[in-house]
Amino acid sequence: MAESASGQDLGNTGTDAVRLAIMAAAAVSSWSGIWGQFLPVDIVAIAATLLGGYPVYRETLRALRHGHVNMEVSMAVAIFASLIVRQFTVSVVITLFALLSEYIETYAVDKGRQTILLLERSAPRLALVRREGEEVQVDPRSLAPNDVVIVREGERVPVDGTIVVGSAFVNQSSITGESSRVEKSAGDRVYAGSVDESGLIEVRTEKVGTETVFGRIIKLVEDAENRKAPIQKLSDRLASWLVEFAIGFAAFTFLVTRDVTSTISVIVVAGACGVAAGTPLAIVAIMGKAAKKGTIVKGGAYVEEMSRVDTVVIDKTGTLTFGEPEVTDIVGFDGFGELQVLKCAAIAERYSNHPLARAILGKAVKLGIKFSEEASSASSSYIAGRGIVCQFNGGQIIVGNDTLMIEKKVQFPRGVDQSLWGGGPKGRSTVLVAYRGKICGTISIADKVRGESRRALEDLRKMGIRTVMLTGDNRTVAQDVAKEVGIDEVHAELLPEEKVSVVERLVAEGHSVAMVGDGINDAPALARANVGIGMGAGTDVTIEEADIVLMTNDLQKIADVARLSRKAYRTIMQNFYGTMTVDGMGVTLAFLGLLNPLLAAGIHVTSELIFILNSAKLIR
C-alpha cells in the first residue's frame, strides 16, 4: 500500500483515471482473446502490464530500498509470476486491480483531508490599508502591529486585532465552527478568517499570518495529521505482517501443491490496504469533522485516547459556569456599612485578575466608589486557593475564605458562620472581608451556570462516562452547582496543587481521564490527565497547553468528540477483524485450488473498497 500523495493536484488525478481506463480496455481485450487470432502472444496485455504497472513497480523498488515488504511488493511478485507462466490475462487484471486499489485509497484519504484544504483556502489573501492618504491592498503578512486595516461588508478579516472604528455583524465559523453572526463594535476583538457580513470596520492589527488564531488552527490541523496514533502504528505493522504472511504462505502452497495458479491466487487475495489506509482515513475524517465544529484535536493519539475515556474531570469556574461572577449581596458587621465593606475589598483586589476580584471591582465601579491616594500605595499579596492580604493605611485588609481568616487569626463576630454556610442564597460564593484583625463583612458572589451543561453531562453519562467536578469554591456552592448540572462526584475547597493530585489519583487507579479547564489556571491538571481539553474561545494559552482545543465554551463539544472518537475506534476494529477474516478465508480457498487469480483479485479489491468505504463514511 503506497502512501497517499496528500493533496495531489487534479492533473495527477486525471492521469491516474486515464491510466485505469487504458488498463481496463487492455484487460477486456485480453479476456476476449481478440489478439490471439493475429499474434502468437498477447502483446497488448504484456505491454499494458509492463508500462501501465509502472506506479506499482516504482513503489516496490522504493519499499525494497528501505527494507520494507508492502502490498506493492506482493502484487509485483504475482504480476511477474503470471508473466513467467504465460498467464497474460491474469497479469494485466492483477495490475489493473492493484492500480484501482491505489486510486481508491488515494481518493479516499485526500477526501478526508478536505477540511484542511478548505481552511487553507479560507485564509485571507489581501488586506486593505491606508497609505499616504490612499487605500491600497497589501499582503496581510506584510502588516505590522498597530497597522489599521479596513474591512468592508462581505470581506474576510485579515488579522487578529481590535476594532477601532465602526461596527459589524461578524461570522466567526472559521474559528468557532458556529455560523451564527456576532455583533462587534469598537473595542471588541475580531479574528483573521472571520467574515464581515454587514457594516464597515477598521481594525488595529495585533497578530498576522501564522501568529493569528486562524493561522495556528491551520498549523495544528496540519501537524495533527502527521502525528500517528498508536493504533495507526499497529495497523501498519498488521498490514506488513499480512503481506509477509501472504508471500510466505504462497511459497508453502507451491511446495505442497506445485500449482502455480494456486500460489499466485494466495498472493493476490491477501489484502492489507483496507487496514493500512482505512485506519488513518478514519482518524483524519474524525479530526476534520471536529475541526469543522470548532474542536481541534492535536493528533490521532488523542482520538484513540478519547475513545477510551471513562472519567471527565471538569473545573467549575469558566467551564460549568460562565466565569463572569457578579456581586449579589453585601453584609456589614460591627458598624461597617455595605459600601465600606465593598471599598475595603476593592482596595485589596484592585490589581488582581481573579474572577471574584473582577466581580468586586465591577460592583465598586458601578456604585461609584472612588479610591484615595492612599489606596494607590496599598500592596497586596495573593495566596493561591485562599485569598488576598493587603497592607493599607497602616492596617491590614484580608479578603478570602475562612481558612485564610483562621490562618491569620482573624476574630469572627457572631452571625458570620450562618451568613457563610446557612443564610446565603443557593449557589453563591461568600467572600469574607477583614480589616485590622476583625471580620467587617461578607460579599456574596454568584456565577451563572451554562445552559448546555446539564445536557452535555447527561450525554456523557449515557456513554458510561463518570463526571467529576474540581473547584476551590466552598462545598455548599459546589454541591449546589453539581446538583443543578448533574455531576457525579464533587471535590471542593481545593488548592491548585490539590486539583493535580485528584487527577493523578484517578489516573493511578486505572481510569482514562479527560481534564477540562480554561487552559490557564488548570494547565498543570491538564498536563497530568490522559487527555487535556482546553476551553478558552481561542486564547493563546489554551491552544498551546491542551491536547484538544474547544474554540468556544460549549461543553456539548466534549460529548461530541467523545462520541466521534468511539465511532472511529469501532470502525478501525471492524476493519481489523474484517481484513483478517477475509484474508484467512481467501488464502485457505486459494491453497485448496478453489480460487483462481482473477477471482482472488476481485475479492482483494472488493474487500479493500468495503473497508475503505467503512472508514470514509465517517467523513459525512
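The values are calculated or read from the model by the stated rules, or taken from the named source; none is laboratory data. Computed from a prediction, not measured in an experiment: that's the story for all the values here. Because the Cβ atoms are built from the backbone with ideal geometry, glycine has one as well, and the counts that use them run over all protein chains shown. For the accessible areas, the whole protein counts, side chains as well, though only heavy atoms, and no ligand, DNA or RNA atoms are used. Shrake-Rupley method; radii C 1.70, N 1.55, O 1.52, S 1.80 Å.
So here's what we get for this one:
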read-out	value
Selection count where residues are open to solvent by 50 Å² or more (accessible area, probe 1.4 Å) and not in a loop (DSSP other than H, G, I, E, B), scope the stretch 45-96	11
Residues within the stretch 360-391 that are closer than 25 Å to GLU498 by Cα and either open to solvent by 60 Å² or more (accessible area, probe 1.4 Å) or among the small types (Gly, Ala, Ser) (or both), tallied	7
Criterion: modelled with pLDDT under 85 and part of a helix (DSSP H, G or I) - qualifying residue of SER307, SER235	SER235
Boolean, THR571 is modelled with pLDDT under 85, of a type in the set (Ser, Thr, Tyr) and part of a helix (DSSP H, G or I)	no
Looking only at the stretch 28-44, and only at residues there that are open to solvent by 100 Å² or more (accessible area, probe 1.4 Å) and not in a helix (DSSP H, G or I), the one that is modelled with the highest pLDDT	PRO40
Qualifying position, being touching a residue at least 60 places away in the same chain (Cβ under 8 Å), open to solvent by 20 Å² or more (accessible area, probe 1.4 Å) and not in a helix (DSSP H, G or I), among ASP554, ASP560	ASP554
Looking only at the stretch 474-512, and only at residues there that are outside any helix (DSSP H, G or I) and free of Cβ contacts under 8 Å to residues at least 60 places away in the same chain, the one that is farthest from GLY400 (Cα to Cα)	GLY510
THR328 being crowded, with 18+ Cβ neighbours inside 10 Å and in contact (Cβ under 8 Å) with a residue 24 or more places away in the chain	no
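Okay, residues lined up against (1) outside any helix (DSSP H, G or I); (2) open to solvent by less than 40 Å² (accessible area, probe 1.4 Å); (3) farther than 30 Å from PRO524 by Cβ; (4) at pLDDT below 85:
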site	(1), (2), (3), (4)
ILE247	no, no, yes, no
LEU255	no, no, yes, no
ILE283	no, yes, no, no
TYR302	no, no, no, no
ASP334	yes, no, yes, yes
